[in-house]
Amino acid sequence: MIIIIICILAQGKSVSVPSANTARNASRAVWLKHLHQWHWVSSAMCLLCMVLFSITGITLNHASQIEAKPVITNRQAQLPQALTAQLRGYAERHDGAKEPLPEPVEQWLKDTFKVQAGRRVAEWSVDEVYLPLPKAGGDAWVRIGLEDGATEFENTDRGWISWLNDVHKGRNTGPAWNWFIDIFAVLCLVFCVTGLLILKFHASNRPFTWPMVGLGVLIPVVIAALFIH
């Protein structure tokens with residue numbers, strides 16, 4: 001009888017160990033499945049921008065070696081007398097202020113110079129109105145003389161490399177692109193963190209995992225500490 005009880009207990013113990021291992025392996029498989037899913041989705045969404053940001057990182061790092069040939073376009077026109085009188089009266093009340101142009105003047109600029117003022121802030125004085133129009137990859141501005149309505153528009157285009165560099169930095173790209181950069185940065189964090197966790201799960205079978213991760217951390221830290229002044 002004692003022998004039978006011992007055998008039953010031994011069988012129960014032998015069953016419990018595989019069950020615990022099976023549960024652990026099942027949990028590990030579920031976590032790995034979710035991590036792989038988040039990893040590939042985030043990497044797929046980041047792919048194009050990651051390539052573009054890597055390329056523009058190189059062009060930004062070698063901006064002094066990459067020659068830019070800006071193309072400057074200058075045009076003149078005459079603001080109608082009615083609009084000139086409207087601006088002159090507005091300028092007398094807002095001398096030194098920074099306010100958008102009246103909508104009729106913005107529409108005239110659009111029709112005359114294809115300029116999208118977009119309620120941007122202009123600099124007002126009693127003599128003239130100056131509207132800066134900074135943009136990615138170049139610059140532009142409009143100056144309106146209030147004495148006679150003489151209007152000058154100048155546009156500077158520094159080329160597509162300069163445009164990509166400004167897009168990389170979020171310089172003069174507008175709020176929509178700035179929001180996109182923030183979302184893209186979050187997706188990159190998801191991609192990196194899930195990749196690190198996947199490495200953790202596979203590290204036991206890959207002895208070089210943590211030395212390589214440590215090397216990836218150590219190299220930029222040492223370079224920054226020794227060579228950045």
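The values are calculated or read from the model by the stated rules, or taken from the named source; none is laboratory data. For clarity, every value in this text was computed on a predicted model and none was experimentally measured. A quick note on method: Cβ atoms are made from the backbone with ideal geometry, for glycine too, and the neighbour counts reach across all protein chains shown. Keep in mind that these areas ignore ligands, DNA and RNA; they rest on the heavy atoms of the full protein, side chains included. Shrake-Rupley method; radii C 1.70, N 1.55, O 1.52, S 1.80 Å.
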- Can you find even one residue in the range 84-98 that is under 18 Å from GLY174 (Cβ atoms), of a type outside the set (A, V, I, L, M, F, W, C), open to solvent by 30 Å² or more (accessible area, probe 1.4 Å) and under 32 Å from the mean Cα position of the chain (by Cα)? no
- Message: Tell me yes or no: at least one residue of the range 61-73 is surrounded by 13 or more Cβ atoms within 10 Å (Cβ to Cβ), part of a helix (DSSP H, G or I), at pLDDT below 95 and of a type in the set (A, V, I, L, M).
- Response: no
- Just to be sure, is THR156 under 30 Å from ALA136 (Cβ atoms) and among the hydroxyl-bearing types (Ser, Thr, Tyr)? yes
- Task: Filter the range 147-204 for residues that are among the charged types (D, E, K, R) and under 19 Å from GLY57 (Cα atoms) and give the result.
- Result: ARG158, ASP166, LYS169, ARG171, ASP182
- Note on the structure: Residue count, the range 26-57, condition loosely packed, with under 15 Cβ neighbours inside 10 Å and of a type in the set (S, T, N, Q), comes to 3
- Yes or no: LEU109 part of a helix (DSSP H, G or I) and under 19 Å from ASP139 (Cα atoms)? yes
